[in-house]
Amino acid sequence: MKFIQTRGIDPTKPTSVTFSEAILSPIASYGGLYVPEKLPNLGIDFLNKHLNSSYKVLAKDMLEHFEIDIEPSVIDEALALYDKFDDPANPVPVVKVKENLYVSELYHGPTRAFKDMALQPFGVVLSSIAQKRGEHYLILAATSGDTGPAALETFKNRANVQVACMYPDGGTSDVQRLQMVTEDAPNLKVIGINGVFDDAQSALKRLLASNEFKAALKEKNILLSAANSVNFGRIIFQIIYHIHSYLELVRQGALAMGEKVYLNVPSGNFGNALGGYYAWKMGVPVEKIIISSNENNVLTRLIKTGKYDLRGCDVVNTTSPAMDILKSSNVERVLYDLFGEVRTKELMESLEAHNFYELSADELSRLRECFDADFANGDEGKQYIKDTFEQDSYLMDPHTATCFKAYYTCSNPQIKSIVYSTAEWTKFSPVIANALTGEVDAEDIVALESISKTAKLEIPAMVKGLFTKPIAQSTVIEKTEIEKEILSFL
Ligand SMILES: *Cc1c(COP(=O)(O)O)cnc(C)c1O
């Protein structure tokens with residue numbers, strides 16, 4: 001399978017690239033992204049064939065349909081990482097919350113958030129490509145809390161790859177910070193920055209674009225890459241769990257094969273939702289994809305009005321920080337799929353130049369055939385956490401909670417819904433403790449104990465253990481010092 005480009009082809013780029021090439025340099029012509037030339041058409045036969053398959057067998061067959069240039073043994077090694085999830089036989093449990101409403105839990109991996117679903121196998125794939133080419137990579141990551149731990153965990157001690165991960169000191173939860181600073185491996189460097197997430201992100205963008213920095217790396221024989229969520233090497237692993245979740249409901253007798261479902265996705269950079277969209281196009285019977293957001297509701301406005309409008313918009317900090325995003329990068333792949341490369345280039349250039357684009361009435365109606373959207377603010381989210389816990393005995397995190405508003409406002413309750421849960425309660429415990437009991441400003445460890453008591457849930461050993469694990473990474477610096485710090489680590 002070849003990969004082509006969302007904004008057409010400039011004269012400096014090849015007309016198409018392999019999967020490995022799309023992974024190593026994910027930015028295509030005119031700042032666009034790579035997409036598969038043609039999605040495999042799996043159809044209902046594939047679903048029937050895998051009705052009783054394990055997650056790994058399903059994943060392997062789906063990946064084979066993409067015909068990617070990765071050795072089968074590497075794919076096996078990558079998929080074997082799902083054995084580290086809570087239940088190796090079923091890494092993604094789908095649980096019933098109430099009539100017609102199910103939650104697909106994507107957070108049972110080593111860092112307790114859904115980033116593990118894609119980053120765990122991605123680490124193996126990237127390291128193997130680097131080894132095969134005899135190249136060494138520096139992976140840069142900037143994180144508001146979930147990507148960093150997942151990236152460190154997956155690249156830890158892997159050959160031919162080093163990671164420098166920047167986070168805003170004081171800007172993550174205690175659990176998220178401890179997950180990073182207790183990671184001890186010679187190929188990992190964690191850098192706290194005196195600043196906010198945007199400072200870390202700007203530093204990342206600056207370094208990725210800096211020729212000086214690249215030249216300094218080249219002297220050390222190191223190439224630069226990033227593991228961000230536009231990388232198709234992550235997206236491909238995010239299609240699988242949508243197929244799996246559908247099959248899981250058929251297995252449970254909750255769905256008849258072929259019956260349509262809503263996919264309700266808490267969205268930031270739109271990787272998770274895009275995976276659902278691709279799964280739909282490949283044959284999973286979907287009624288519509290519902291995009292849930294927090295107060296940073298640019299996606300809600302896009303899908304309701306056809307306007308992507310960032311004029312005068314600033315990111316606001318919310319209780320669901322992994323979705324505090326304004327430029328939702330993977331939307332571009334949907335634009336491409338619906339409207340083609342010429343129009344995608346036009347729209348994306350308008351967004352870059354004017355912080356704005358507007359779909360035509362016809363385009364908006366095509367978008368709305370696939371998607372609907374709503375957002376929940378922090379108080380609404382907390383109310384859904386409390387009500388769902390008290391009425392349905394189901395405990396969820398603040399990102400997942402945004403889906404419940406959209407469930408009530410956007411879906412037909414006669415049709416079954418799958419809500420995607422992206423984080424375990426342990427990652428955002430102060431907000432959840434506040435929702436359940438009203439306690440404010442608790443430290444994570446206090447909030448964890450309190451939720452554990454209220455909800456009669458054990459704190460998982462890997463979370464509890466963080467509070468006594470030695471700190472291996474103690475660098476906290478000014479943002480001006482980042483480049484120097486990374487170079488001295490290499
Ligand atoms: C990353 C993340 C999201 C957003 O997912 P996208 O694929 O970027 O839309 C939602 N919730 C949590 C907990 C996350 O870590």
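Taking θ as phi - 60° and the Karplus parameters 6.51, -1.76 and 1.60, the scalar couplings of the stretch 22-31 work out to 5, 6, 6, 10, x, 9, 9, 3, 6, x Hz in sequence order, x denoting glycine and proline. Taking every protein chain into account, the accessible area of the chain amounts to 38 square angstrom per residue (probe 1.4 Å). Mean projection of the Cα convex hull over all viewing directions, computed for the stretch 431-490: 6.2 nm². Ignoring ligands, DNA and RNA, please state the percent of accessible area on the stretch 1-82 from carbon and sulfur, probe 1.4 Å. The nonpolar share, carbon plus sulfur, comes to 54 percent. When the alpha carbon coordinates of the chain are projected onto the principal axes, the ranges are 61, 51, 49 Å, largest first. Count Lys and Arg as plus one, Asp and Glu as minus one, and take only other residues whose Cβ is under 12 Å from that of Tyr278; the net charge is then +2. Annotation for the stretch 394-490: trypsin sites (Lys or Arg not before Pro) lying in DSSP loop with at most 10 further Cβ atoms inside 10 Å of their Cβ are Lys456.
Loop-resident GluC sites (Glu not before Pro) (DSSP state other than H, G, I, E or B) in the stretch 19-113 with no more than 14 further Cβ atoms inside 10 Å of their Cβ: Glu37, Glu67, Glu99. The helix-based estimate of mean residue ellipticity at 222 nm for the chain, built from -39,500 (n - 2.57) per DSSP H run of four or more residues and divided by its residue count, is -14000 deg cm²/dmol to the nearest 500. On the beta carbon distance between Ile471 and Val440, with R0 = 35 Å, the FRET formula returns roughly 0.80. When only the Cβ of Lys, Arg, Asp and Glu is charged (+1, +1, -1, -1), the dipole of the chain relative to its Cα centre reaches about 700 debye. Remark: the stretch 264-317 is approximated by an ellipsoid whose semi-axes, taken from the C-alpha gyration tensor as √(5λ), come to 24, 11, 9 Å, largest first. Just so you know, the averaged projected area of the alpha carbon convex hull for the stretch 53-199 sits at 10.7 nm². Using the Cβ-Cβ distance between Ser210 and Ser365 with R0 set to 56 Å, the FRET efficiency works out to roughly 0.85. Computed on protein heavy atoms with a 1.4 Å probe, the accessible areas place His354, His108, His244 in the order His354, His108, His244, largest first. Working from label points 7 Å from Cα in the Cα-to-Cβ sense, the Asn48 to Phe356 distance is 5.3 nm. Binning the C-alpha pair distances of the stretch 385-490 at 5 Å intervals from 0 yields a P(r) profile of 2, 10, 17, 16, 13, 11, 11, 8, 6, 4, 2, 0 %, listed from the shortest bin outward.
Around the amide H of Tyr394, modelled in the peptide plane, lie the amide H atoms of Phe389, all under 5 Å away and 5 or more residues distant in sequence or on another chain.
Expressed to the nearest 5 percent, the antiparallel share of DSSP beta bridges inside the chain is 25 percent. The simple spin-label model puts a point 7 Å past each Cα toward its Cβ; for Glu483 and Asn90 those points are separated by 5.2 nm.
Element breakdown for the stretch 278-420 at a 1.4 angstrom probe: carbon and sulfur atoms account for 46% of the accessible area.
Taking 32 Å as the limit for the C-alpha separation, the pairs Lys427/Lys479; Lys49/Lys416; Lys60/Lys132; Lys288/Lys479 exceed it in the case of Lys288/Lys479. Counting only C-alpha contacts under 8 Å and six or more residues apart, can you give the relative contact order of the stretch 104-239 as a whole percent? Result for the stretch 104-239 is 28 percent. Just to confirm the filter: which trypsin sites (Lys or Arg not before Pro) across the stretch 4-94 are DSSP coil and have at most 10 other Cβ within 10 angstrom of their Cβ? Within the stretch 4-94, the qualifying trypsin sites (Lys or Arg not before Pro) (loop, at most 10 other Cβ atoms within 10 Å) are Lys38.
Computed from backbone phi, the HN-Hα couplings of the stretch 157-162 come to 6, 7, 5, 6, 9, 10 Hz, rounded to whole numbers (Karplus: 6.51 cos²θ - 1.76 cosθ + 1.60, θ = phi - 60°; Gly and Pro given as x). Once backbone amide H atoms are built at 1.01 Å from N, Ile191 has Cys165, Met166, Tyr167 as its partners under 5 Å, excluding neighbours fewer than 5 places away on the same chain. Going Cα to Cα from Lys38, which aspartates and glutamates come in below 19 Å? Please leave out same-chain ones fewer than 8 positions away. Partners found: Glu21, Asp61, Glu64, Glu67, Asp69, Glu332, Asp337, Glu341. Of the solvent-accessible surface of the stretch 103-196, computed with a 1.4 Å probe and all protein chains present, 41% belongs to carbon and sulfur.
The values are calculated or read from the model by the stated rules, or taken from the named source; none is laboratory data. All values derive from a computational prediction rather than experimental measurement. A quick note on method: Cβ atoms are made from the backbone with ideal geometry, for glycine too, and the neighbour counts reach across all protein chains shown. With ligands, DNA and RNA removed, areas are computed over all heavy atoms of the protein, side chains included. Shrake-Rupley method; radii C 1.70, N 1.55, O 1.52, S 1.80 Å.
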